[in-house]
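Worksheet: one structure, shown below.
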Amino acid sequence: MSPLMQDVARVLISEEELQRRVAELGREISEDYEGLDPLLVCVLKGGYMFLADLTRHLTIRHAIDFMAVSSYGDATETSGVVRILKDLDSDISGRHVLLVEDIIDTGHTLAYLMDNLRVRQPASLNVVSLLNKPSRREVDIEIAYQGFVIPNEFVVGYGLDYAENYRNLRFVGVLKPEIYAAELERE
Ligand code: PRP
């Protein structure tokens with residue numbers, strides 16, 4: 001077993017389930033945005049794998065751009081205070097913007113990003129998130145498209161990391177508690 005796999009307690013969403021759902025989302029978004037030439041904005045880093053797969057299922061004209069944000073919180077919790085590390089290259093005024101996220105947890109990151117982008121007057125602003133963890137929500141977020149609702153467990157893979165590792169796993173898995181236990185003890 002690979003060193004990364006040894007740290008995974010179990011597979012939560014298999015590669016096949018992920019690929020099937022991402023293809024469905026691609027079809028749905030292609031229908032809804034037909035003729036609108038949307039701009040897909042990927043929130044780095046976690047969204048990179050979802051964006052790469054999702055866009056390969058889009059059949060419409062579209063552009064992509066990236067934002068990098070960082071919360072001021074620690075590694076396992078987000079604090080609600082967000083810092084922009086990399087802003088968009090493009091002007092979004094009058095454009096149909098679709099924010100692409102890997103996971104919505106407390107909702108603070110997305111709430112901040114949506115407020116920040118709305119000021120730039122896009123024609124529309126929607127969210128597609130691969131994963132949604134509603135049990136952790138602290139801020140209300142309207143999610144136009146979601147892949148999977150997941151329980152409150154520490155998940156890694158398909159873009160999601162723990163301490164920058166595990167992003168490359170092809171499935172979404174639950175991390176063994178002992179991997180992050182030392183950090184929880186320090187909190
Ligand atoms: C994750 C995820 C979201 C955010 C969601 O990013 O990609 O952006 O947390 O949490 P929230 O709903 O509680 O705000 P993270 O800060 O782990 O950075 P990364 O994408 O670079 O791994």
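The values are calculated or read from the model by the stated rules, or taken from the named source; none is laboratory data. Everything numeric here is computed off the predicted structure, so don't read it as measured data. Virtual Cβ from ideal backbone geometry, glycine too; neighbours counted across all protein chains shown. Side chains included, ligands, DNA and RNA excluded: accessible areas come from the protein's heavy atoms. Shrake-Rupley method; radii C 1.70, N 1.55, O 1.52, S 1.80 Å.
Of the residues 126, 165, which is in contact with a His (Cβ under 9 Å, 6 or more places away or on another chain), modelled with pLDDT of 95 or more, open to solvent by 40 Å² or more (accessible area, probe 1.4 Å) and not β-branched (Val, Ile, Thr)?
On the way: 165 fails: in contact with a His (Cβ under 9 Å, 6 or more places away or on another chain).
Of 126, 165, the one residue that is in contact with a His (Cβ under 9 Å, 6 or more places away or on another chain), modelled with pLDDT of 95 or more, open to solvent by 40 Å² or more (accessible area, probe 1.4 Å) and not β-branched (Val, Ile, Thr) is 126.
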Cβ pairs under 6 Å, 6+ apart, first in region 161-177 and outside any loop (DSSP other than H, G, I, E, B), second β-branched (Val, Ile, Thr) and away from the ligand (no atom under 14 Å from the Cβ): 172/13; 173/8; 173/11
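Please find, within region 95-141, the residue that is farthest from the ligand (Cβ to nearest atom) out of those that are touching a Pro at 6+ places or on another chain (Cβ under 6 Å) and not in a loop (DSSP other than H, G, I, E, B). Even if it seems obvious, please write down each step before you answer.
Residues of region 95-141 that are touching a Pro at 6+ places or on another chain (Cβ under 6 Å), as a first pass: 95-98.
Checking which are not in a loop (DSSP other than H, G, I, E, B) leaves us with 96-98.
On the way: 96: 21, 97: 16, 98: 15 Å.
Among those residues, the one meeting the criterion is 96.
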Region 147-162, subset open to solvent by less than 80 Å² (accessible area, probe 1.4 Å) and hydrophobic (A, V, I, L, M, F, W, C), residue nearest to the ligand (Cβ to nearest atom): 160
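Looking only at region 27-36, decide whether some residue is modelled with pLDDT of 95 or more, within 16 Å of the ligand (Cβ to nearest atom) and not β-branched (Val, Ile, Thr).
First pass over region 27-36, keeping only residues modelled with pLDDT of 95 or more: 27-36.
Filter once more, keeping what is within 16 Å of the ligand (Cβ to nearest atom): none.
Scanning region 27-36 turns up no residue that is modelled with pLDDT of 95 or more, within 16 Å of the ligand (Cβ to nearest atom) and not β-branched (Val, Ile, Thr).
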Number of the condition not met by residue 144 [criteria: (1) more than 9 Å from the ligand (Cβ to nearest atom); (2) crowded, with 16+ Cβ neighbours inside 10 Å; (3) within 17 Å of residue 54 (Cα to Cα); (4) not charged (D, E, K, R)]: (2)
Region 168-187, subset within 15 Å of the ligand (Cβ to nearest atom) and at pLDDT 95 or above, residue most open to solvent (accessible area, probe 1.4 Å): 168
Contacts under 9 angstrom Cβ, first residue in region 29-49 being touching a residue at least 24 places away in the same chain (Cβ under 8 Å) and under 23 Å from residue 120 (Cα atoms), partner assigned to a strand (DSSP E or B) and polar (S, T, N, Q), 6 or more apart: 36/124; 38/124; 38/126; 47/129
Count of residues meeting criterion [among the aromatic types (Phe, Trp, Tyr), open to solvent by 10 Å² or more (accessible area, probe 1.4 Å) and in a helix (DSSP H, G or I)] in region 20-75: 1
Unique residue being open to solvent by 60 Å² or more (accessible area, probe 1.4 Å) and free of Cβ contacts under 8 Å to residues at least 60 places away in the same chain when the list is 105, 87: 87
